[in-house]
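Okay, so here's the structure we're looking at.
The values are calculated or read from the model by the stated rules, or taken from the named source; none is laboratory data. Fair warning: this is a prediction, and the values are worked out from it, not measured in the lab. Note that each Cβ is placed from the backbone with ideal geometry, even for glycine, and that neighbours are counted across all protein chains shown.
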């Protein structure tokens, strides 16, 4: 029997739809609000100029790096700032290789 993904084994009855986790216990109104919010974000992004889309992508990348650095700090509390940044670079290179 195949193993269930972690999110599904810890949330029986849950499912993924369009990248969103929906729980069997989730209020239908909350699920609808989440879906409508996502649609609004997509519409807003489509109205951006190419320059603003480029800047938004850079901002998202920078935020993702900050979150990753925070995770590295938790995972390796003994790392110096330089070591954390080296680990971030290592992970970015690994992600780039895996994307090719």
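Looking only at the stretch 14-45, how many residues end up being touching a helix residue (DSSP H, G or I) at 6+ places or on another chain (Cβ under 9 Å) and at pLDDT 90 or above?
So the count comes out to 1.
What number of residues within the stretch 46-87 are in contact with a helix residue (DSSP H, G or I) (Cβ under 8 Å, 6 or more places away or on another chain) and part of a helix (DSSP H, G or I)?
Here is the first cut: in the stretch 46-87, the residues in contact with a helix residue (DSSP H, G or I) (Cβ under 8 Å, 6 or more places away or on another chain) are 48, 53, 56, 65, 68-69, 72-73, 76, 79, 84-85, 87.
Filter once more, so that each one left must be part of a helix (DSSP H, G or I): 53, 56, 65, 68-69, 72-73, 84-85, 87.
Adding up the residues that qualify gives 10.
For the stretch 88-100, enumerate the residues that are in a helix (DSSP H, G or I) and over 17 Å from residue 61 (Cβ atoms). Give the steps one after another, and end with the answer.
Here is the first cut: in the stretch 88-100, the residues in a helix (DSSP H, G or I) are 88-99.
The one that is in a helix (DSSP H, G or I) and over 17 Å from residue 61 (Cβ atoms): 97.
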